[in-house]
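Scroll down for the structure; my scribbles are underneath it.
The values are calculated or read from the model by the stated rules, or taken from the named source; none is laboratory data. Source: prediction; values computed, not measured. Cβ placement follows ideal geometry from the backbone for every residue including glycine, while neighbour counts extend to all protein chains displayed.
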Amino acid sequence: MKIREAAARMGAEISAVDIRRMDDATFGAMYQAFIDKGVLVVRGQQLEIPDWLAFCRRFGRLRPHINKSRRHPDYPDLLMLDNLASDGKLADPRMVKGGAVWHSDLGYEKEPAKATGLYAIHLPSTGGDTLFKNMYLAYEELPGHLRRRIEGRQALFNYGGRTKKNLHLLEKSEHDRPPAVHNLVRVHPETGRKALYPSPNQILGIVGMSADESALLLDELLGYVTESDVDYRHQWQYGDVVIWDNRCVLHRATGDYPVHERRLHWRATIMHEAAVGATVLPS
């Protein structure tokens, strides 16, 4: 197995390995690269669904996604990120733009996702990249006055956030779920480093602030996050596996591939063995 830096600020690219046949020592080195670099890229894999799910389970337990319409009928832990509908026709063009906003997966849950894995099955002729930002560095590079203002603060998170983006993907019974509450600055449970946790498309407001005060602070904070440079841009190839650490990474799709071309990834949501990092409002 070979490991090299994918980009200067984050990401590790793995080659010369078959993830179906890794011993524990090889996986241990791969997992350390995941922890150290935040995004793990493994090229040239040839997987069946059981292979994919078994690999993802080495990182943690799997959880079915809230979007029930896209779950695989025989493998509920597998989400089909596909712009092809079940009848074989191209789905709603909004699917192309569905992930085109910065976020961390499952921020709207009491237990956010530890990691997310994607495996490339069908790719368009152009576009469709995935972008990543390092939230350790985002926190460290914030202006001092802003770091002080958010230290110890908690925020409310919900699916769709302030814009209610992508609510059409959920069943109506899920639209009024109570918000989750998380620290704006999280301590990574494995590295001990502080990371910013803003998830722009899920955050509703800051606990203990008026609506106006909260909106002003969030707009300033999210401005720094969304307007900074991308730390790693992944250009997909067939057979790519990409797993990222939601505890210290934001991601977004570019949403720029041709709507008439198919793009399919297998997705798995990876959780901790026990809930870590989530907090709740006091009763």
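Overview of values
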| read-out | value |
| --- | --- |
| Scan of the stretch 204-239 for residues that are charged (D, E, K, R) and in contact with a Phe, Trp or Tyr (Cβ under 7 Å, 6 or more places away or on another chain), ordered by number | Asp231 |
| Tally, over the stretch 32-77, of residues that are hydroxyl-bearing (Ser, Thr, Tyr) and in a helix (DSSP H, G or I) | 1 |
| Residue in the stretch 27-36 that is over 17 Å from the mean Cα position of the chain (by Cα) and within 17 Å of Gly239 (Cβ to Cβ) present | yes |
| Per-region count, the stretch 70-82, residues within 19 Å of the chain's Cα centre (by Cα) and either more than 17 Å from Ala253 (Cα to Cα) or modelled with pLDDT under 90 (or both) | 6 |
| Counted residues, the stretch 209-266 - those being closer than 17 Å to Lys133 by Cβ, surrounded by fewer than 15 Cβ atoms within 10 Å (Cβ to Cβ) and free of Cβ contacts under 8 Å to residues at least 60 places away in the same chain | 3 |
| Residue identified as at pLDDT below 95, within 23 Å of Leu137 (Cβ to Cβ) and among the charged types (D, E, K, R) among Glu220, Glu227 | Glu227 |
| Hits in the stretch 185-197 - residues which are of a type in the set (A, V, I, L, M, F, W, C) and within 10 Å of Tyr139 (Cα to Cα) | Val185, Ala195, Leu196 |
| Restricting the stretch 83-139 to residues that are among the basic types (Lys, Arg) and part of a loop (DSSP other than H, G, I, E, B), the residue that is modelled with the lowest pLDDT | Lys89 |
